[in-house]
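Read through the structure below, which is laid out as structure tokens, and then see the notes.
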Amino acid sequence: MNGNGRNVAFLVAKEGIEQVELTDPWQAVQDAGATPKLISPESGSVQAYHHLTPGDTFSVDQTAAEADPAQFAALVLPGGVPNGDLLRWQEPARDFVRGFLDTGRPVAVICHGGWILVDVDAVRGRRITSWPSMATDFRNAGADWADEELIVDDTGPFTLISSRKPDDLPRFCEELVRRLDKI
């Protein structure tokens, strides 16, 4: 695979990121020759977790307000319950996602990472998967939710790649890299 040095945005909150849902796609993007960039509503560092146990901290490359969505080939929204919940009510994060959606480039979400897509009305009429507890949220937002390892929805203005949980990461990462190769 050849990422051709493209930048890939990883948008996360200040804390509560499920670490493996950040680090596995990050590594896959790097291995493909692309450059992952950590975007967050706040500068400094973010705290990842292994479920409820604190994991590593990661340095933010740019704030959501500073980052230009047009400079990224793809957007990855890692999971983690607190991460997904915190992002959805932060206006700079919502603005960044809206701006990125306007580019028409791929968005990859896993677990609770897709919650922000509900808040920016980006799932209506789209097929998506997530952690099962979010099924009602997605259905109420007009999405066709299914409990599947990987769903790729190419029917809208942007490709939506979604997976449910850490066990799905191998296929999720494979699809993300495959899509980078098509851009």
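The values are calculated or read from the model by the stated rules, or taken from the named source; none is laboratory data. What you are looking at is a predicted structure, and each value in this text was computed from that prediction instead of being measured. Cβ placement follows ideal geometry from the backbone for every residue including glycine, while neighbour counts extend to all protein chains displayed.
Descriptive notes on the structure:
- G55 being touching a Pro at 6+ places or on another chain (Cβ under 7 Å), assigned to a strand (DSSP E or B) and either farther than 19 Å from V177 by Cα or basic (K, R) (or both): no
- Selected residue (only one of R164, R94, R127 is touching a strand residue (DSSP E or B) at 6+ places or on another chain (Cβ under 9 Å) and over 23 Å from H51 (Cα atoms)): R127
- Scanning region 118-132 finds one or more residues that are closer than 27 Å to D31 by Cα, out of contact with any Lys or Arg (no Cβ under 7 Å at 6 or more places or on another chain) and crowded, with 19+ Cβ neighbours inside 10 Å.
- Close contacts from region 154-183, counting a first residue that is closer than 25 Å to G5 by Cβ and a second that is assigned to a helix (DSSP H, G or I) and β-branched (V, I, T), with Cβ to Cβ under 9 Å and a gap of 6+ residues or different chains, come to L169/V20; C173/V29; L176/V29; V177/V29; L180/V29.
- Among residues of region 17-45 that are closer than 13 Å to P78 by Cβ, those with a Cβ under 7 angstrom from a residue that is charged (D, E, K, R) and surrounded by fewer than 23 Cβ atoms within 10 Å (Cβ to Cβ), sequence gap 6+ or separate chain, pair up as Q19/D56; L38/D61; I39/D61; S40/K14.
- Under the condition of being within 16 Å of H112 (Cα to Cα), touching a Ser or Thr at 6+ places or on another chain (Cβ under 8 Å) and in a helix (DSSP H, G or I), the residues counted in region 8-51 number 0.
- Failed item in (1) surrounded by fewer than 17 Cβ atoms within 10 Å (Cβ to Cβ); (2) within 20 Å of D167 (Cα to Cα); (3) of a type in the set (A, V, I, L, M, F, W, C), with A65 passing the rest: (2)
- When region 80-114 is filtered for residues that are free of Cβ contacts under 8 Å to residues at least 60 places away in the same chain and surrounded by fewer than 24 Cβ atoms within 10 Å (Cβ to Cβ), the ones remaining, listed by number, are R88, W89, E91, P92, R94, D95, R98, G99, L101, D102, T103, G104.
- Take the conditions (1) closer than 22 Å to S162 by Cα; (2) at pLDDT below 95; V12 misses just one of them, which is (2).
- Scanning region 133-183 for residues that are farther than 18 Å from A34 by Cβ, surrounded by fewer than 20 Cβ atoms within 10 Å (Cβ to Cβ) and either in contact with a His (Cβ under 9 Å, 6 or more places away or on another chain) or among the polar types (S, T, N, Q) (or both) yields S133, T136, N140, T155.
- Condition met for G5 (assigned to a loop (DSSP other than H, G, I, E, B) and farther than 29 Å from P132 by Cβ): yes
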